[in-house]
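Okay, structure first, notes after.
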Amino acid sequence: MQHKQQTFNIVVIGQVKRENGRVYLSIDAAYRPGLKQLEHFGYVQVLWWFNHAQDERARQVLESRPPYGEGTPMTGVFASRWPERPNPIALTTAKVLRVDHAEGTVELADMDAFDDTPIIDLKPYLPICDRVKAAKVPEWIAHWPEWMPENGMGLAEGEQRKEMRRN
């Protein structure tokens, strides 16, 4: 079945900021009213645009060998969190440390996005909607922890060094 190509307008609502070892979401002034009551949640889901993987070549990738450890098989991008994909949209669940409504910032414990990464949406983490009782994962990723580390999932150390060299 062939589907008609459609284009959607995605609005950037802010950027990831990394300063002095801290991670913030800097929300543009027009979208700051959307932060109301976010401080009452322990975690937020951040939808962001993986702008380091948005060129035409990266958007044609449909199979990859994700970096989940040795023995990871080739997978389709929809069976991985690999950044190169038709739409480089990423999702991170992060611990909320502080929300500053006046400044439009959300301080996070950590997240796996680079400085100046575009943010396209925020959603509160709700256990009833965002977890399942008997999740099934393939054998080649079963070595990952069952629960998110208390301080979240940040950039891999090598990725941080690579990004620092790039800037």
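The values are calculated or read from the model by the stated rules, or taken from the named source; none is laboratory data. Quick caveat: nothing in here was measured; it's all calculated off a predicted structure. For neighbour counting, all protein chains shown are included, and Cβ atoms are generated from backbone atoms with ideal geometry for every residue, glycine included.
Tabulated values for the structure
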| read-out | value |
| --- | --- |
| Residue 130, sole failed condition from (1) acidic (Asp, Glu); (2) surrounded by fewer than 18 Cβ atoms within 10 Å (Cβ to Cβ); (3) at pLDDT 90 or above; (4) farther than 17 Å from residue 53 by Cα | (3) |
| Residue satisfying all of: in the stretch 75-102; of a type in the set (Lys, Arg) and part of a loop (DSSP other than H, G, I, E, B); surrounded by the most Cβ atoms within 10 Å (Cβ to Cβ) among these | 85 |
| Filter result (among the hydrophobic types (A, V, I, L, M, F, W, C) and either in contact with a helix residue (DSSP H, G or I) (Cβ under 6 Å, 6 or more places away or on another chain) or within 16 Å of residue 126 (Cβ to Cβ) (or both)) within the stretch 82-97 | 91, 94, 96 |
| Flag for residue 79 being touching a strand residue (DSSP E or B) at 6+ places or on another chain (Cβ under 8 Å) and within 21 Å of residue 145 (Cα to Cα) | no |
| Unique residue being without any contact (Cβ under 8 Å) to a residue 60 or more places away in the chain, surrounded by 11 or more Cβ atoms within 10 Å (Cβ to Cβ) and within 28 Å of residue 143 (Cα to Cα) when the list is 59, 65 | 65 |
| Residues of the stretch 32-56 satisfying the condition of being touching a residue at least 40 places away in the same chain (Cβ under 8 Å) and either within 15 Å of the chain's Cα centre (by Cα) or in a strand (DSSP E or B) (or both) | 43, 44, 45, 46, 47, 48, 49, 50, 51, 52 |
| Complete set of residues in the stretch 28-42 that are among the aliphatic types (A, V, I, L, M) and either surrounded by fewer than 17 Cβ atoms within 10 Å (Cβ to Cβ) or closer than 18 Å to residue 110 by Cβ (or both) | 29, 30, 38 |
| Positions within the stretch 27-78 being among the basic types (Lys, Arg) and touching a Pro at 6+ places or on another chain (Cβ under 9 Å), in sequence order | 59, 65 |
| When residues of the stretch 80-122 are limited to those that are free of Cβ contacts under 8 Å to residues at least 40 places away in the same chain and of a type in the set (A, V, I, L, M), the one farthest from residue 28 (Cα to Cα) | 97 |
